[in-house]
Amino acid sequence: MEQQRTQGNDARSVNIKVTHAISNAVKSTLGPKGMDKLISTEEGEATISNDGATILKNMKIEHPVGKILVDIAKTQENEVGDGSTSVVIIAGALLDNAEKLINQGVHPSTIINGYKLADKKARELYELASYNITIKDKQKLKNIIKTTMSGKLTDSNTHIIDLILESFARTYNNDFNRNNIKISHKIGKSIEESELLTLFIDKPIEKPIITNLINPKVLLLDTPLEKKSPETDANITISDPDKYMEFLEQDEKQLIETTNKIIKVHPDIVFCQKGVDDVVTELLAKNNIMIVKRVLKEDMVQLSKITNTMVNSTLNNLVTGELESIEQKSINGEDLIFINHNCNIVNLILRASTDHILQELERAVDDVIGALTSVLHTGKYVYGAGSTEMKVSLDLKDYSKSLGGKEQLAIDSYADALLSIPETLAESTGENKLDIITEMKHKHNNDILAGVDVIANKVTNMLNSDVIEPLDIKLQALKSATESSIMILRIDDIILGKVIEWYNVYKNKKIIQAINNKLE
Ligand code: ADP
Ligand code: MG
């Protein structure tokens, strides 16, 4: 196998160039004026996204160091729901600044120590710059949703914001679990048709007698209600034709007996995870019982939680539950089931006219749910628009001065790297980046909430703006960016099993910057 080996500072420099290239590729998506990326696969499928983690995932990066950045973006998304672009930008800046120090003769281990000290201090400073929030602070939660969604295809859609707020109002309690808010989607109509209910089941009722049930008695089942087939069941072998007829009769008789067991407990509707024979459906219908077959396991689990009853796995001692209402409605000519019940579980059905919008909407809503979960978990938020990064950066510089020592330069570099966020936001305004940052620094002397107002293209106090974000997003981003940059700085030897041209990361995927990110 062809091998390529690079050592020492050369190795480091190659790795830093990789992170620089990747960070640059996502940079222009940051903030409400961020552009979208259109990523197309060799098969011609396209994804349009503004989401750092999604873009990186789709770029199919092969360089091992590039993969570290993909991972931190993914972790960021999984842990706190948002901030995946920021984490990559900060990691890129930390490494760029480290390279400058290395070129000035600073040893990588000194930089690593300095970065560790800076990370610890920055964390404390972010905490100090944070404010309290609870589930009752509707307006603040709304602002967090708006900030998280800004720049996405589905920017500030008030209907979606209201649905998300309502989802949390219905489900949030002390032992809140993110899975209590399920997201489903159905293409067609517009975002305005998105709705909130308890559970949406993408299946029809087999033989609907009525399509709107109030307080129905419900039976959940995970055994098949089908005839056994000698053709498909390996345990049955019959050669004698008489025996065969006898088998069929016996089999049907058994199925009817089984059905009678259901009829005996008389539910209004049965949800069955397995297949159901027409004979059963008919017989149940004659007894005014409806059935839904092949319900997904995850829906059965939800049904079980909602009704607070178990899923029956045998036909003996059947247990039933109750729901407030079940309705069968038609969407795009398909019959689907809508369930409502007063409990702490909800299902948000997203609607949009095209698949691309629907996908990006789903990613945005998923980010928002993650962001709200983390802000409610810690009960802390910070002001955005780069204002907190500026504050923490300036305070870090004071700290490094007080500390002195060899690490001082590295801590200063760390502080500068945090400015990559306001700098990138400033760049997205189209105004002079340096002017904006200089003005912002100046204003921070007596206004710690001065940020880059990207809508008005100027520096303003963020107190009365909507731009606030969960503290956890910032802390997680710092943690991942610091850890990954340290990990990359430690590497001084690259042995690649095959020659990988890092600068060809775009080879498989074409990235075209969509000129205007408003597709709607
Ligand atoms: P990420 O993937 O890092 O969340 P985003 O594209 O969502 O990237 O951009 C987040 C950044 O944009 C944050 O720093 C946030 O403070 C900033 N931001 C969001 N809305 C505004 C706004 N209206 N004005 C200025 N900055 C904003
Ligand atoms: Mg975001």
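Could you give the accessible area per residue of segment 302-444, probe 1.4 Å, as a whole number in Å²?
Details: 5560 Å² over 143 residues.
Computed with neighbouring chains in place, this is 39 Å² per residue.
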Next item on the list: Report the one residue of Leu69, Tyr172, Leu94 whose Cα lies farthest in the direction of the positive end of the charge dipole of the chain (charges on C-beta: Lys and Arg +1, Asp and Glu -1; origin at the Cα centre).
Entry: Leu94
Check: Looking at this model, which pairs from Lys142/Lys182; Lys100/Lys406; Lys189/Lys297; Lys142/Lys305; Lys217/Lys305; Lys142/Lys433 are more than 25 angstrom apart at the alpha-carbon?
Finding: Lys189/Lys297; Lys142/Lys305; Lys142/Lys433
Notebook entry, point to check: Rounded, prolate or oblate: which fits segment 313-385 when a ≥ b ≥ c are the square roots of the eigenvalues of the alpha-carbon gyration tensor, with rounded for a/c under 1.5 and prolate only if a/b beats b/c?
Noted result: oblate
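Structure shown: which of Lys57/Lys479; Lys120/Lys458; Lys17/Lys474; Lys380/Lys441 lie over 27 Å apart, alpha-carbon to alpha-carbon? Working shown, then result.
Values: Lys57/Lys479 21 Å; Lys120/Lys458 31 Å; Lys17/Lys474 25 Å; Lys380/Lys441 25 Å.
Beyond 27 Å between Cα atoms: Lys120/Lys458.
Of the heavy-atom accessible surface of segment 1-124 (probe 1.4 angstrom), what whole percent is carbon and sulfur? Before the final figure, lay out the partial values.
Values: 2350 of 5100 Å².
After summing per-atom areas, the C and S share lands at 46 percent.
Between Rg and the Kirkwood Rh of segment 73-134, both from Cα atoms, what is the Rg to Rh ratio? Display every interim value, and only then the final one.
Numbers: Rg = 14.7 Å, Rh = 13.7 Å.
Computed over Cα atoms, the ratio is 1.07.
State the percentage of accessible surface on segment 430-475 attributable to carbon and sulfur atoms; use a 1.4 Å probe and exclude ligands, DNA and RNA.
On the way: 1200 of 2430 Å².
Of the solvent-accessible surface of segment 430-475, carbon and sulfur hold 49 percent.
First compute the accessible area of segment 256-378 with a 1.4 Å probe, then give the percent of it belonging to carbon and sulfur atoms.
On the way: 2230 of 5100 Å².
Accessible surface attributable to carbon and sulfur in segment 256-378 totals 44 percent.
Between Gln254 and Ile183, what FRET efficiency follows from the Cβ-Cβ distance if R0 is 56 Å, with the result rounded to 0.05?
On the way: r = 41 Å, r/R0 = 0.73.
E between Gln254 and Ile183, to the nearest 0.05, is 0.85.
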Next item on the list: Calculate I(q)/I(0) for the chain by the Debye formula, one identical point scatterer on each C-alpha and no solvent, and give its log10 at q = 0.09, 0.13 Å⁻¹ to two decimals.
Entry: -0.76, -1.18
Check: Near Lys138, which aspartates and glutamates are there with a Cα under 15 Å away, not counting those fewer than 8 places off in the same chain?
Finding: Asp162, Glu166, Asp466, Glu469
Margin query: Tell me whether segment 55-101 comes out rounded, prolate or oblate; compute the Cα gyration tensor, take square roots of the eigenvalues as a ≥ b ≥ c, and use a/c under 1.5 as the rounded threshold.
Written below: oblate
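Let me have the 222 nm mean residue ellipticity of the chain computed from DSSP H runs of 4+ only, each contributing -39500 (n - 2.57), with the sum over all residues rounded to the nearest 500.
Numbers: 16 runs with 248 residues, N = 520.
Helix-only estimate at 222 nm: -15500 deg cm²/dmol.
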Check: Tell me, how many Å apart are the Cα centres for segment 379-395 and for segment 305-359?
Finding: 42 Å
Next item on the list: Using amide H atoms built 1.01 Å from N in the peptide plane, name the residues 5+ places from Asn312, or on other chains, whose amide H lies under 5 Å from its own.
Entry: Leu220, Leu221, Asp222
Notebook entry, point to check: FRET efficiency for Val265 and Asn446, Cβ-Cβ distance as r, R0 = 60 Å, nearest 0.05?
Noted result: 0.25
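Accessible area per residue, 1.4 Å probe, Å², for segment 30-148: what's the number? Numbers along the way, then the final one.
On the way: 4880 Å² over 119 residues.
Accessible surface, normalised per residue, equals 41 Å².
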Checklist line | Rg/Rh (Cα only; Kirkwood hydrodynamic radius) as it applies to segment 13-74 | finding: 0.97
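The values are calculated or read from the model by the stated rules, or taken from the named source; none is laboratory data. Values in this document were obtained by computation on a predicted structure and should not be read as measured data. Quick reminder, even Gly has a Cβ in these numbers, built from the backbone with ideal geometry, and neighbours come from all protein chains shown. Side chains are part of the model used for accessible areas, which takes the heavy atoms of the whole protein and leaves out ligands, DNA and RNA. Shrake-Rupley method; radii C 1.70, N 1.55, O 1.52, S 1.80 Å.
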